[in-house]
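Colleague: Here it is, the structure, as structure tokens.
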Amino acid sequence: MPRPRTNAASTGVWVGIATISMSFAAYTSAMVVRRGAASDWQHFPLPPVIYINTLILLASSATLEIGRRRMAQSPPRSDPAVVPLHAPAPLERLWFLLTLWFGILFVVGQLLVWRVLAREGLYLATNPSSAFFYIFTALHALHLLGGIAALSYGLRRSSRSTPQAMTRMFGAIALYWHFMGVLWCYLLVVLMIAL
Amino acid sequence: MSDPVLRPDSAPRHEQPAAGAPRHHPAPTSFLRTHVFSLDHKVIGKQYLDLALLAVTTGMVLSWLMRIHLAWPTAAIPALSKLSPAGAAGGIITPEYYLSLMTMHGTIMVFFVLTTAPFAGFGNYILPIQVGAEDMAFPRFNMMSFWVTFVAFLVLIASFFIADGPAISGWTAYAPLSAVGSDAGPGEALGQTLWAVSIAIFCVGQLIGSLNFIATTLDLRTKGMTLARMPFSTWAWFITSVIGLIAFSVLLPACILLILDRVAGTSFFVPGGLVISDRLQPHSGGSPMLWQHLFWFFGHPEVYIAILPGFGIVSHILPAFARKPLLGPRVFLACLIAIGFLSYTVWGHHMFLSGMNPFSATLFSVPTLIITIPATITTLLWLGTIYGARLRFTTAALFCLGFVSVFVSGGISGFFLAQPSIDTYLHGTYFVVGHFHFVMGVASMFGIFAATYFWFPKMYGRMMNETLGRWHFWLTFIGVYCIFMPMHWLGLAGNVRRYSAFTDEYMQGMVPLHRFITIGALCTGAVQLLFFANLLWSRWRGPKAPDNPWEATSLEWITPSPPPVDNFGGRQVVVHHGPNEYGNGSPGHDYVMQTSPDPLPGR
């Protein structure tokens, strides 16, 4: 009897989460050390739009989770001739598309935050505090773009996959996406404390 | 009667693959897909090994140039002036160009040889077969990992062909010199930026690779392949990938911050008021110590990324030639895990002289001494394994014994360096050069050689020439002792390292020994031609290899040599025993294959 196994995609995402966590831990410790290394740390208020972005990202996690759960619970399509056998139902697809748009909206919102800071004269090299702000937000957005790419890929592949593979794939994508939310909340708290 | 070990394709396997196990990608047909952008872990493993061979040749030539200059500082190497008219005008190496050669030698050897060959190269080829998988968990990521690493190598090598030449700040790229640009010397402009970009790209490649190794080991093991039944080499690659995952995910941020300091005007590593080359640097408030902490948090575990695969390879190979099980297999695995864990607690011992708080030095000294305990235990386990054995002295076995020898020799000098008070004297001397070349460089290389002679028949379907192999071993073994043992004496006598020439009266007396070392290095390098000749000759002319030429027990030896594209010909392997069943078989067979369904004799 074969032993039950976890699936490789999910393991891969967990290992990826460990890697990303470690790298952000390195950035955080670098920030703590740099902040204490000299008395040139400049405080500045976070632009309010960043809190709206946070809500958008959290909402995207919720929509993704709703879609994923609906897909996991839904019975297989009855008429494969009309609808591809394992493709997500239109409503589930809508939840996933909504997630995708929320994700893109978040990244655009972060670009707006950058514009606000730039208008106030705060650039990457202005001060270590602004440098870490740009680094944290840019790297988080870059990782989220990876999630957006994965979700787009998942939606494109969905009509050609088995239901188990679909559930596993969207499970792994959701895991990564939720981690992006958790990571952003952590970074926001760190930035609020440091800035 | 069907083979009870391998289930035919018609068995339920392909109908119900293990959850998460990807169905094997179809065999490629085009040249590009077969040999260049292949998804096959075996091709990718060979690509990594080819890259390592190219890198080690480059690194070795650089070391020859340095050694020639150290022994005969006025000797002209005409061809060198063509490569760098400024760095070697008339073929004579300038002190700055010497530092460039040193930086590139260290970087190429540590990253592109000692990391790629034993871990990414052999790990890629062998690990999936040893756990009974058809491929890595994520074949596309695997391919990406190699090509990203290859691009990193090209970026690094490109710095030889720019006007200022390669970076001069050493493989450790200490800030602030590495962060301030051309004021810090030739090579510190574009050359240093290329260095930082190359290492950042390399980190990405290794992170993807480590992720793949971990997922493959955890999720793609075949039926019956419990963790306890995994071969020691697979265990070592698995632990190495965990170490690599943590280490490279810290080095990558460090490199990104360094690049930003260099090109974007930030001040992470450069303090305020710093004057270099009579110019006030436009940075303020940064911490050079921050770079050192981030770098060595990666740098010390990197030592274990280089050496732990060697531990696994030796522990996998020695029992096959001792015809005895490895002594204390569980203790060995516990030691591997302990070393992996402790490797993250000792990074400060590289920084005893860097201005770190002296109390911190004591703090880092204690785990440095503690980590020698599991390392010593593993050495004793190897010695216990061969004690009383009727050892088959193949080339692979000889290189395993050589590994133990140089690891012990280099390890003993580590005891000295772990003491802050002694390290204060020895740190800037050739003692350290001898120490880390033995324990990290040569030991790891001997692991690579052992692995090559052991697995070559599986990889290419032909045997290597054993006579050439033995000559290669003995001459290399004598050669490395001639090179690196005298360096310990030079260091104890106060011979500083990183100098391009020894011109003052005190160090003049040491030049004859340096000449001896240089001759040793040139000869030992020439001996490697035997290895290259053996590789090439055996690849096409060697005698055909049987499936299991060494009468070994693990899964790579049940499949044809070389294995088919899906490793086991579309059949699922079922594992019944651990890999350590030597001297325990039925009459006429002193070993039990992992796939043998028979109960172990005497149990």
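Colleague: Can you give the calculated 222 nm mean residue ellipticity of the protein assembly as shown, where each DSSP H run of n ≥ 4 adds -39,500 (n - 2.57) and the sum is split over every residue, rounded to the nearest 500 deg cm²/dmol?
Modeller: Calculated mean residue ellipticity at 222 nm is -21000 deg cm²/dmol.
Colleague: Mind putting together the pair-distance distribution for the stretch B:202-250? All Cα pairs, 5 Å bins, whole percent per bin, short to long.
Modeller: Pairs per bin, as whole percents: 5, 22, 30, 21, 12, 7, 3, 0.
Colleague: Moving on. Along each principal axis of its Cα atoms, how long is the stretch B:236-328 end to end? Whole angstroms, biggest number first, please.
Modeller: Between the extreme Cα coordinates on each principal axis of the stretch B:236-328 lie 67, 23, 19 Å.
Colleague: What would the Debye equation give as log₁₀ I(q)/I(0) for the stretch B:103-171 at q = 0.19, 0.20, 0.21 Å⁻¹, counting only Cα atoms as equal point scatterers?
Modeller: Values, matching the q order: -0.81, -0.86, -0.91.
Colleague: Further question: Which three numbers, in whole Å and largest first, are the semi-axes of the equivalent ellipsoid of the protein assembly as shown derived from its Cα gyration tensor as √(5λ)? Write out the running numbers ahead of the final one.
Modeller: Numbers: eigenvalues 347, 322, 99 Å².
For the protein assembly as shown, the ellipsoid semi-axes come out as 42, 40, 22 Å.
Colleague: Over the stretch B:57-120, what portion of Cα pair distances is larger than 19 Å, expressed as a whole percent?
Modeller: Result for the distance tail: 32 percent.
Colleague: Follow-up. What translational D, rounded to a whole number of µm²/s, comes out for the stretch B:14-139 from Stokes-Einstein when the hydrodynamic radius is the Kirkwood one over Cα pairs, at 10 °C and 1.306 mPa s?
Modeller: Estimated via Stokes-Einstein, D reaches 91 µm²/s.
Colleague: Follow-up. For all pairs of alpha-carbon atoms in chain B, what percent lies in each bin of width 20 Å, listed from the first bin to the last filled one?
Modeller: So the P(r) values, bin by bin, are 20, 54, 23, 3, 0.
Colleague: Something else about it: Rounded to the nearest angstrom and ordered from largest down, what semi-axes does the equivalent ellipsoid of the stretch B:438-597 get from its C-alpha gyration tensor (root of 5λ)?
Modeller: Each semi-axis is the square root of five times an eigenvalue, giving 44, 18, 13 Å.
Colleague: What's the exposure ranking of B:Met510, B:Met109, going from fewest to most Cβ atoms within 10 Å?
Modeller: Ascending Cβ contact count within 10 Å gives the list B:Met510, B:Met109.
Colleague: In what order do A:Val49, B:Val433 fall by count of nearby beta-carbon atoms within 10 Å, going from fewest to most?
Modeller: Values: A:Val49 14, B:Val433 18.
Least to most surrounded, the residues fall as A:Val49, B:Val433.
Colleague: Hey, another quick one. Scaled to the compact-protein estimate 2.2 N^0.38 Å, what is the alpha-carbon radius of gyration of the stretch B:300-411, rounded to two decimal places?
Modeller: The value comes to 1.21.
Colleague: Sticking with this structure for a sec: Given 37 °C and 0.692 mPa s, compute D for chain A with the Stokes-Einstein relation, Rh being the Kirkwood radius over Cα pairs; round to the nearest whole µm²/s.
Modeller: The Stokes-Einstein estimate is 178 µm²/s.
Colleague: If you don't mind, another one. What number, in nm² with one decimal, is the all-direction average of the projected area of the convex hull of the alpha-carbon atoms of the stretch B:154-294?
Modeller: So the mean shadow area of the Cα hull is 9.9 nm².
Colleague: From the C-alpha coordinates alone, can you work out the Kirkwood hydrodynamic radius of the stretch B:355-409, in Å? Each step should come with its number before you reach the end.
Modeller: Values: mean 1/r = 0.0735 Å⁻¹.
It works out to 13.6 Å.
Colleague: Would you mind calculating the relative contact order of the stretch B:300-389 from Cα pairs under 8 angstrom and at least 6 residues apart, reporting the percent as a whole number?
Modeller: Values: 71 pairs, mean separation 38.4, N = 90.
The value is 43 percent.
Colleague: Just want to confirm a number: the relative contact order over the stretch B:271-425, from Cα pairs under 8 angstrom separated by 6+ residues, in percent.
Modeller: Across the stretch B:271-425, relative contact order equals 27 percent.
Colleague: Using alpha carbons only, how many angstrom separate the centre of the stretch B:165-235 from the centre of the stretch B:88-159?
Modeller: Between the Cα centre of the stretch B:165-235 and that of the stretch B:88-159, the gap is 8 Å.
Colleague: Can you give the FRET efficiency to the nearest 0.05 for B:Phe415 and A:Ala62, using r as the Cβ-Cβ distance and R₀ = 51 Å?
Modeller: Given R0 = 51 Å and the Cβ-Cβ separation, E is 0.35.
Colleague: Right, another one. Which cross-chain or sequence-distant (5 or more) residues have an amide H under 5 Å from the amide H of B:Gln572, H modelled 1.01 Å from N in plane?
Modeller: B:Arg7
Colleague: State, in angstrom, two size descriptors of the stretch B:497-557 derived from its alpha carbons: Rg to one decimal place and Dmax to the nearest whole number.
Modeller: Values for the stretch B:497-557 (Cα only, Rg and Dmax): 21.8, 62 Å.
Colleague: Which whole-angstrom value gives the distance between the alpha carbon centres of the stretch B:382-443 and the stretch B:508-541?
Modeller: Centre-to-centre distance over Cα atoms comes out at 20 Å.
All of the numbers you see were taken from the coordinates with simple rules; none came from a lab. Predicted, not measured: the structure shown is a model, and the values here were computed from it. Cβ atoms come from the backbone with ideal geometry, glycine included; neighbour counts cover every protein chain shown.
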